[in-house]
Amino acid sequence: MKNELPIKYYRELLTSKGRKENSAFIVEGVRQVEQFVKSDKMKILEILSTKPLNFETKIPVTCINNSQLCKITESKTPNGVIAVVGIPKLNEINEKTTKGNILLLEDIQDPGNVGTLIRSAAAFGFSTVILSRGCSDVYSPKVVRSTGGAICNLEIISKKDIFECIEILKKQKYNLIVADLSGNNKIPQNLSKNFIFALGNEGNGVSNKLKTLADFVFTIPINTSAIESLNVSAAGAIGMYILGGN
């Protein structure tokens, strides 16, 4: 690498356009970078650090100072380490690549919600997350931070036609379970072993088209006299826990 740090390049990775043009994104923080190193699912292009790493890696490490670090991260208090990671080529849904339970997100726009849901999917044993074209950019710094590093342990299929994905998955005997306030909280016993759990937009919920395709519409019972509804990331985490145990 050149002696002069290419600040412009790293700052480009903080934007959607820059990530797309360079096919790379930034991971911030010691723990998250270490998770990516251990995972091996995504290719780490380089690591930049203000101090010696406390974990082993064969990835090239560039020493930088705090002033440089602050210029190439969105964090107000960066903790000293970032990694530049290559964006995987778009995965396709097929019998060979798709296994286990799947989380499907339709037009969820808040980066924090998207990241938290991906983190919950990893925690509750889901294998894949499919995101519609209307979702927040999964490789944006805020989404990546919110995943807590979980993004590197899941198959991420982003910016896809979710209805085309559902059609393919149903042919593979997947059931579609849709979360909606009008649903049922008693899970039927005849659902297939593998399923898609779908969550919708923060304000509007899932689309009518998605509901019409559902094999089961699921809701979490809450005290509606105290609160109208749960935040989508909270509802998603509870739903994944309940459904994953059935």
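The values are calculated or read from the model by the stated rules, or taken from the named source; none is laboratory data. The shown structure was predicted, so the numbers you read here are calculated from the model rather than taken from an experiment. Quick reminder, even Gly has a Cβ in these numbers, built from the backbone with ideal geometry, and neighbours come from all protein chains shown. Each accessible area value is taken on the protein alone, full model and side chains, heavy atoms only, with ligands, DNA and RNA left out. Shrake-Rupley method; radii C 1.70, N 1.55, O 1.52, S 1.80 Å.
In table form, for the structure just shown:
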{"read-out": "Subset of the range 7-39 that is open to solvent by 50 Å² or more (accessible area, probe 1.4 Å) and of a type in the set (Lys, Arg) - its residue that is farthest from the chain's Cα centre (by Cα)", "value": "8"}
{"read-out": "Single unsatisfied condition, residue 155 versus (1) acidic (Asp, Glu); (2) farther than 21 Å from residue 135 by Cα; (3) surrounded by 17 or more Cβ atoms within 10 Å (Cβ to Cβ)", "value": "(2)"}
{"read-out": "Flag for residue 137 being under 25 Å from residue 16 (Cα atoms), touching a residue at least 40 places away in the same chain (Cβ under 8 Å) and out of contact with any Asp or Glu (no Cβ under 8 Å at 6 or more places or on another chain)", "value": "yes"}
{"read-out": "Qualifying positions in the range 1-27 - touching a residue at least 12 places away in the same chain (Cβ under 8 Å) and in contact with an Asp or Glu (Cβ under 8 Å, 6 or more places away or on another chain)", "value": "1, 14, 16, 19, 22"}
{"read-out": "Extreme residue, modelled with the lowest pLDDT, among residues of the range 1-59 that are of a type in the set (D, E, K, R) and in a loop (DSSP other than H, G, I, E, B)", "value": "2"}
{"read-out": "Single unsatisfied condition, residue 175 versus (1) of a type outside the set (Gly, Ala, Ser); (2) in contact with a helix residue (DSSP H, G or I) (Cβ under 7 Å, 6 or more places away or on another chain); (3) under 20 Å from residue 126 (Cα atoms)", "value": "(2)"}
{"read-out": "Among (1) in a loop (DSSP other than H, G, I, E, B); (2) over 30 Å from residue 132 (Cα atoms) - the single one residue 93 does not satisfy", "value": "(2)"}
{"read-out": "Failed condition for residue 197, given (1) among the aromatic types (Phe, Trp, Tyr); (2) within 21 Å of the chain's Cα centre (by Cα); (3) farther than 30 Å from residue 33 by Cβ", "value": "(3)"}
{"read-out": "Complete set of residues in the range 204-228 that are more than 27 Å from residue 99 (Cβ to Cβ), open to solvent by 50 Å² or more (accessible area, probe 1.4 Å) and either free of Cβ contacts under 8 Å to residues at least 24 places away in the same chain or within 23 Å of the chain's Cα centre (by Cα) (or both)", "value": "204, 208, 222, 223, 224, 225, 226, 227, 228"}
{"read-out": "Residue that is least open to solvent (accessible area, probe 1.4 Å), among those in the range 177-203 that are within 22 Å of residue 107 (Cβ to Cβ) and in contact with a Lys or Arg (Cβ under 7 Å, 6 or more places away or on another chain)", "value": "178"}
{"read-out": "Residue match in the range 106-118 (condition: charged (D, E, K, R), in contact (Cβ under 8 Å) with a residue 12 or more places away in the chain, in contact with a strand residue (DSSP E or B) (Cβ under 8 Å, 6 or more places away or on another chain) and under 21 Å from residue 22 (Cβ atoms))", "value": "no"}
{"read-out": "Total residues in the range 60-80, condition assigned to a loop (DSSP other than H, G, I, E, B), open to solvent by less than 70 Å² (accessible area, probe 1.4 Å) and out of contact with any Cys (no Cβ under 7 Å at 6 or more places or on another chain)", "value": "5"}
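Yes/no per residue for (1) within 25 Å of residue 134 (Cβ to Cβ); (2) of a type outside the set (Lys, Arg); (3) surrounded by 16 or more Cβ atoms within 10 Å (Cβ to Cβ):
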site: 41; (1), (2), (3): no, no, no
site: 51; (1), (2), (3): no, no, no
site: 56; (1), (2), (3): no, yes, no
site: 82; (1), (2), (3): no, yes, yes
site: 99; (1), (2), (3): no, no, no
site: 116; (1), (2), (3): yes, yes, yes
